[in-house]
1. Report those helices (runs of 4 or more DSSP H) wholly inside segment 84-174 carrying at least 3 residues which are assigned by TED's automatic domain parsing to the domain that holds V336 and open to solvent by 30 Å² or more (accessible area, probe 1.4 Å).
2. What is the residue count in segment 272-298 for residues that are free of Cβ contacts under 8 Å to residues at least 40 places away in the same chain and either among the aliphatic types (A, V, I, L, M) or in contact with an Asp or Glu (Cβ under 8 Å, 6 or more places away or on another chain) (or both)?
3. Would you mind telling me which numbered condition in (1) part of a loop (DSSP other than H, G, I, E, B); (2) modelled with pLDDT of 95 or more Q206 fails?
4. Between residues in segment 171-195 that are modelled with pLDDT of 95 or more and within 16 Å of the ligand (Cβ to nearest atom) and residues that are assigned to a strand (DSSP E or B) and open to solvent by 10 Å² or more (accessible area, probe 1.4 Å), which pairs lie under 8 Å by C-beta distance while being six or more apart or on different chains?
5. If the requirement is being at pLDDT 95 or above, outside the structural domain of G82 (by TED's automatic domain parsing) and within 16 Å of the ligand (Cβ to nearest atom), which of these qualifies: A348, A343, A321, A307?
6. Which of (1) within 16 Å of the ligand (Cβ to nearest atom); (2) part of a helix (DSSP H, G or I); (3) touching a residue at least 60 places away in the same chain (Cβ under 8 Å) is the odd one out, the single condition L392 does not satisfy?
7. When segment 323-356 is examined, which residues are found to be part of a helix (DSSP H, G or I), open to solvent by less than 10 Å² (accessible area, probe 1.4 Å) and of a type outside the set (F, W, Y)?
8. List pairs: first residue in segment 130-145 and within 14 Å of C159 (Cβ to Cβ), second residue part of a helix (DSSP H, G or I) and open to solvent by 80 Å² or more (accessible area, probe 1.4 Å) anywhere in the structure, Cβ distance under 9 angstrom, at least six positions apart or on different chains.
Amino acid sequence: MSGPVLLVADKDQKIFDLPGYLACGQSGPTVAALFCADLIPLPPGSNLFFLPDRTPLAFNNERNVVQEVKGFSPVAAFIPPGYTQLATAAYVERKGFKILPLFSYAPVAFYRKAFYVPAVRVDTRPNHDITALDRDLLARQIRAFNGTSNRLIKHLADCAWVNSCPNAINFFFGKYECPLPVSPSCNASCLGCISWQKKGSCAATQPRLSFVPSADEIAEVALRHIRAVKDAVVSFGQGCEGEPLMAAGVIKDAIILIRRQTSRGTIHMNTNAGRTRDIADLCRSGLDSIRVSLNSARAEYYQRYYAPRGYAFSDVCASMAEARRQKKFVALNYLVMPGFTDAPDEYAAFSALVRRTGVNMVQWRNLNFDPQVYFRKMRAPVAGLLGMKTVLARMRASFPALRHGYFNVAKGQWRQ
Ligand code: SF4
């Protein structure tokens with residue numbers, strides 16, 4: 001039987017292919033056999049998961065129907081940064097299932113004697129590629145800071161060594177983007193927050209920062225990186241913290257300290273952008289670029305995912321426009337969920353938002369959250385899905401100057 005064959009896991013978590021069944025993908029309620037044209041070899045650095053208390057859905061070639069394949073667990077792939085998935089793994093939840101951990105779950109099939117996934121590569125830069133990480137070298141790089149009193153460096157050492165955070169590793173290796181986490185608190189409660197999850201939900205991916213570093217501590221880390229790296233990016237707003245704008249005061253002081261020493265490097269912030277006045281003030285103080293995180297360009301679904309406190313989606317849009325008005329580079333961290341992101345109403349709202357705010361880049365990032373729980377939380381109509389490939393193609397055609405990717409961009413590369 002030619003075509004992408006279903007992969008399953010048995011009770012001993014052994015993964016194997018099941019001839020007679022074609023692998024399927026899911027987009028919201030829609031389940032269909034995978035198209036060969038959508039498949040790419042499983043990227044290096046991917047992880048394969050079996051999904052407990054769930055039953056795989058697959059296309060029975062003989063009976064010509066999509067059906068449950070009982071007695072096995074579904075297998076999904078967590079693909080690395082730089083790739084955007086076109087569907088989610090196809091399965092039904094069984095009694096007693098628990099919410100899945102904070103990863104994205106792409107379908108994976110056995111095809112041409114190898115593992116394949118439906119995905120597209122949106123960024124070829126190796127910024128977060130830690131597949132060839134030399135941990136002995138990392139240990140030496142971290143030891144070089146033994147004796148430092150800088151709490152932020154000590155925190156980043158943990159992030160690099162314990163949590164394998166690519167940005168923290170980049171700081172110790174002196175390349176690409178360096179993280180500057182500053183805020184233990186946040187003014188939102190995202191469903192998929194990786195540093196804070198409410199009791200009874202899934203585990204947070206890493207512990208949240210417990211202190212606010214001083215402007216001097218921040219500036220020391222930033223300046224070390226800017227002096228060591230060509231086209232360096234230093235970034236507030238990391239996975240191990242809350243919302244950086246909650247610490248706007250110390251950020252402003254740090255930016256002033258950094259810019260007193262050098263004009264080199266890109267000072268960037270990943271943010272929910274809910275506080276427009278702070279964004280305006282930090283842009284005036286020397287912030288070069290921002291990346292605004294959103295799951296939807298429709299206020300009601302933004303509300304259901306972010307549960308913002310003290311701000312609304314309209315403030316987020318106002319912040320984007322204000323940063324553009326001050327000629328800053330604005331990227332969107334667009335949290336992609338096939339079956340939601342490619343709904344016609346979402347596409348219409350998103351393209352209107354891009355046109356209205358004049359943002360410079362879209363980062364098409366897979367939403368790391370249990371897909372079926374997400375759809376129940378969003379309760380969004382999902383008729384007439386466009387497909388993620390169509391959404392990407394239409395955005396490229398409608399906005400020729402718009403940049404597409406996955407990673408932040410240094411100012412020297414904004415026009416590339
Ligand atoms: S804005 Fe960031 S820190 Fe705040 S809840 Fe959302 S993911 Fe977590």
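1. Answer list for segment 84-174: 135-143, 151-161.
2. Going residue by residue through segment 272-298, those that are free of Cβ contacts under 8 Å to residues at least 40 places away in the same chain are 277-278, 281-282, 285-286.
Of the ones still in play, those that are also either among the aliphatic types (A, V, I, L, M) or in contact with an Asp or Glu (Cβ under 8 Å, 6 or more places away or on another chain) (or both) are 282.
Going through segment 272-298 one residue at a time, the tally reaches 1.
3. Result: Q206 fails condition (2) only.
4. Partner pairs satisfying both residue conditions: G192/L335.
5. Details: A348 fails: within 16 Å of the ligand (Cβ to nearest atom); A343 fails: within 16 Å of the ligand (Cβ to nearest atom); A321 fails: within 16 Å of the ligand (Cβ to nearest atom).
It is A307.
6. That leaves (1) as the condition not met.
7. The initial filter retains those residues of segment 323-356 that are part of a helix (DSSP H, G or I), namely 323-325, 344-356.
Still in the running and open to solvent by less than 10 Å² (accessible area, probe 1.4 Å): 323, 346, 350, 353-354.
Answer for segment 323-356, where residues must be part of a helix (DSSP H, G or I), open to solvent by less than 10 Å² (accessible area, probe 1.4 Å) and of a type outside the set (F, W, Y): A323, E346, L353, V354.
8. L138/W161; I142/W161; F145/K154
The values are calculated or read from the model by the stated rules, or taken from the named source; none is laboratory data. Everything quoted here is computed from the prediction, not taken from an experiment. Because the Cβ atoms are built from the backbone with ideal geometry, glycine has one as well, and the counts that use them run over all protein chains shown. We work out accessible area using only protein heavy atoms, side chains counted, and drop any ligands, DNA or RNA first. Shrake-Rupley method; radii C 1.70, N 1.55, O 1.52, S 1.80 Å.
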